[in-house]
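These notes are about the structure you will find just below.
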Amino acid sequence: MGRKYTEEEISMILDTYMYLGYQEASKEPVELKEVIGKLSGVPEYGTGGTYQNEYRILEQAVQDEQIGNLKVCYASSTLGFDQGTKACTFLDEKNDRIFVAYRGTGDGEWPDNGLGMTKEITTQQQRAVDYFDTVARKAQLTENQRVIVTGHSKGGNKAQFVTMETEFGDLIDRCYSVDGQGMSEKADARFRRKYNEAEYQGRIQKLYGIHGENDYVSPLGNQIIPEDHVTYIRTPVQKGNFAGYHDITYMFATLVLDRTTGKWVTQFTGRRNEEVLKQGSLGKYASELSKEIMKLPEEERAGAANVVMQGIEAAGGASHGLNGEKTTLADVKHFLFAGIPAITDATTKTAGGLNFLGKTLWEDSYTKEIPDRICIEVDYEALASKSEGLSAAAEETIRLGEQIQSYEKEMPFYMQGRNLVTFQLNQVASEVEHLGKKIQKLKRGFKTKKEALNYEKEFIRKTAADMKMEMNSFIQVYFEDKKNELKENSIRNKQHMMNKHIVPYFGTRKMNEITPAEIIQWQNTIQEKGYSKTYERMIQNQLNALFNHAQKIYNLKENPCKKVKKMGKSDANKLEFWTKTEYDRFIAGIEPGSEDYLIFEILFWTGIREGELLALSLSDFDMSGNLLHINKTYNRIRKRDVIDTPKTENSVRTIDIPNFLKEEVQEYAKKHYGFPENQRLFPIVARTLQKRLKKYEALTGVKPIRVHDIRHSHVAYLIYQGVEPLIIKERLGHKDIQMTLNTYGHLYPSQQKKVAEMLDNKR
């Protein structure tokens, strides 16, 4: 049968099935392999047919019983829903699992996509919820079943919305949004009103994004999927197939060299491409574009989006809008005078846009995947100097606006409006082409990709030197400067906090115009959210780090944070830890010699960090010298196991371990005879470790603490035994003694009484 399909893969295959244009509804439930079998020989699904790529993927996938035996049921059409709702349910009876899949944008749904950027809930989002609620009642879903909601593109947006909105949300285990766009701010506010913080976070944590590296749809709107829940997949799109970056079938494709012709050919398979990447140039550009659009006033954003979405649908051959949607004269004006400038700003005035133009737009191919491609970069400075050309194109539409005054105040888009918008789009496209030809002459060729990237880096740095730049842009510069200094996990955590707590407030403000008064106002908004004082201090530290960097490196006159009292407080004086008695009670509840037993023994008797523990191998123990060498740490990043150097240089250290702990490690190794010396001793993730801690805390009734607090417990025990701070500093791997005293100094017994007694004796 081969490798077992992952839950992600199954979800993506079912999302692909939703595009086949065929649903078996006559005799539900019916096995998926039977449905696909009926399509064999039908022209639409054969070579050159409309659904050939989708069919190839399904044809191969259903050969595996994990996919083929899934039963198709509750098709939305049989439940009375319109074609825009298109959804289906799939039963995995063997594993007591249910998949609910939503199709991507269908006829008449493009305007609904645009409305999703501004409205609290759209027509199709509500119908998606209605469908799920109907299925939940008909199928009598219970907590004993694993329920997965999924969809591609618009279907992914629906899947997210359903997970957050449905009254049966507690029954949903996970949502896989494949290239699905985000929400409006109003939608997110709706969810926050509906639930308390714990309930809201509970649903948010069920959301997972699976995106093509250069997908241009998923970055749109307000992102609610946690950053660490997003996976990027390589999409081997061939030359000229720009739309392929958003086509789900390319997630199941590889590039194969045809040695006869010497050309690269796309081969579609029944398994998704396993290669996980970072977001690509086009994806980053789409993110920049979304930011610019979301800055527009709501009415302008809605109007511009409505015209764009209806224009795309009209270009695809649609002759009518869903429910007879119309675009107004005001919508067209918003597109001409607000939408186009927003697009041009994102394209020509942001690092993501310039990078996309330089690397993608005027190269011979949109494909990054074909090896040995020539690396050509654009002269960014010249490009930026020409950016006014596109803005001028938008301004020229004033004349066009005057011409259409004679039109009806409300125009059916697909009639009077079609020529108007088509003309304008052609006008802008012509200007882009003209600009491209100008820039073509300004191209600089670089011998290596490294040279090109260095040039790009220097360009960004030059731009950053001007503190009139917006904080959004400076944050990019900050992480570019810090990429070799900070570890990947640290960067990810800092980016998450900045994007969530700083960018929404200061993102469009110029660095040199932010005042101490604004800092105080920002602090007030953060403090109203009810976070812990420790977390407030962490957020504050991120803003302070940005301004410190700007002041130190880019000559910002002063750091406005320094004039304001820091919010929150560090947790140095609020350490949680176990006494030796509490630890003895805890460890007594675990089977001696088991994996869990050894894990917590090592943590308590060495004081190492949890990442250092999870990176340990048998080769790190020197049994003859009773020593433990700490020289690496473990992180789980974007579903990858990452072994890295420890937190700081000082964290590389050697720890003396007690003889009984050495013997426990030796006994464990004997039980696992043949265990590779250099393999991770405990192949689990941090989340699993935390769950096991909570399990034994509940079992033994000890005070609940975090895994990291066991490190504090080790230190508290050493202090109780009279160990000097300098020894503890070396054992913990602290940078200096001050760090140790700042963290644990309050645990040392006061010496004041001893001083008084000494003075008394001297009298």
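Going by the conditions given, is V162 surrounded by fewer than 24 Cβ atoms within 10 Å (Cβ to Cβ) and in contact with a Phe, Trp or Tyr (Cβ under 9 Å, 6 or more places away or on another chain)? Lay out the reasoning, then the answer.
On the way: surrounded by fewer than 24 Cβ atoms within 10 Å (Cβ to Cβ): no; in contact with a Phe, Trp or Tyr (Cβ under 9 Å, 6 or more places away or on another chain): yes.
In short, no.
May I ask you to verify whether Y250 is within 21 Å of T16 (Cβ to Cβ) and not in a helix (DSSP H, G or I)? Please lay out each step first, then the result.
On the way: within 21 Å of T16 (Cβ to Cβ): yes; not in a helix (DSSP H, G or I): no.
No, not satisfied.
Go through the stretch 251-283 and count every residue that is closer than 23 Å to P504 by Cα and at pLDDT 80 or above.
1
Can you go through T47, T89, T105 and tell me which one is assigned to a loop (DSSP other than H, G, I, E, B), among the polar types (S, T, N, Q), surrounded by 21 or more Cβ atoms within 10 Å (Cβ to Cβ) and not assigned by TED's automatic domain parsing to the domain that holds P297?
On the way: T47 fails: surrounded by 21 or more Cβ atoms within 10 Å (Cβ to Cβ); T89 fails: assigned to a loop (DSSP other than H, G, I, E, B).
The match here is T105.
When the residues of the stretch 652-705 are filtered to those that are aromatic (F, W, Y) and in a loop (DSSP other than H, G, I, E, B), which remaining residue is surrounded by the fewest Cβ atoms within 10 Å (Cβ to Cβ)?
From the stretch 652-705, those aromatic (F, W, Y) are 660, 668, 673, 675, 682, 696; that's our starting set.
This time we only want the ones that are in a loop (DSSP other than H, G, I, E, B), so: 673, 675, 682.
On the way: Y673: 6, F675: 13, F682: 18.
Going through the qualifying residues, I end up with Y673.
Could you list all residues from the stretch 606-629 that are touching a residue at least 60 places away in the same chain (Cβ under 8 Å), crowded, with 19+ Cβ neighbours inside 10 Å and of a type in the set (A, V, I, L, M, F, W, C)?
Hits for the stretch 606-629 are I608, L613, L614, A615, L616.
Report, by residue number, each residue of the stretch 285-304 that is under 20 Å from D228 (Cα atoms) and either among the aliphatic types (A, V, I, L, M) or assigned by TED's automatic domain parsing to the domain that holds S184 (or both).
Hit for the stretch 285-304 is A286, nothing else.
So, A189, is that one without any contact (Cβ under 8 Å) to a residue 12 or more places away in the chain, surrounded by fewer than 22 Cβ atoms within 10 Å (Cβ to Cβ) and either of a type outside the set (S, T, N, Q) or part of a strand (DSSP E or B) (or both) or not?
Values: without any contact (Cβ under 8 Å) to a residue 12 or more places away in the chain: no; surrounded by fewer than 22 Cβ atoms within 10 Å (Cβ to Cβ): yes; either of a type outside the set (S, T, N, Q) or part of a strand (DSSP E or B) (or both): yes.
No.
Evaluate the stretch 537-544: report whether one residue or more is assigned to a loop (DSSP other than H, G, I, E, B), over 29 Å from V702 (Cβ atoms) and either in the same structural domain as F474 (by TED's automatic domain parsing) or out of contact with any Phe, Trp or Tyr (no Cβ under 9 Å at 6 or more places or on another chain) (or both). If you could, list the steps in order and put the result at the bottom.
If we filter the stretch 537-544 for residues that are assigned to a loop (DSSP other than H, G, I, E, B), which is where we start, we get none.
No, there is no match, as no residue in the stretch 537-544 is assigned to a loop (DSSP other than H, G, I, E, B), over 29 Å from V702 (Cβ atoms) and either in the same structural domain as F474 (by TED's automatic domain parsing) or out of contact with any Phe, Trp or Tyr (no Cβ under 9 Å at 6 or more places or on another chain) (or both).
List, please: which pairs have Cβ atoms under 6 Å, are six or more places apart or on different chains, and start with a residue in the stretch 64-78 that is within 15 Å of M18 (Cβ to Cβ) and assigned by TED's automatic domain parsing to the domain that holds K94 and end with one that is outside any loop (DSSP other than H, G, I, E, B) and of a type in the set (S, T, N, Q)?
Matching pairs, first to second residue: C73/T89; Y74/T89; S76/T85.
Just to verify a result, which residue in the stretch 614-630, among those that are over 14 Å from I657 (Cα atoms) and of a type in the set (S, T, Y), is farthest from the chain's Cα centre (by Cα)?
S619
I'd like the full set of residues that are assigned to a strand (DSSP E or B) and farther than 16 Å from K71 by Cβ, limited to the stretch 108-151. Steps first, please.
First pass over the stretch 108-151, keeping only residues assigned to a strand (DSSP E or B): 146-151.
Hits for the stretch 108-151 are V149, T150, G151.
The values are calculated or read from the model by the stated rules, or taken from the named source; none is laboratory data. Keep in mind the model is a prediction, meaning the values are calculated, not measured. Reconstructed Cβ throughout: ideal geometry from the backbone, glycine too, with neighbour counts over all protein chains shown.
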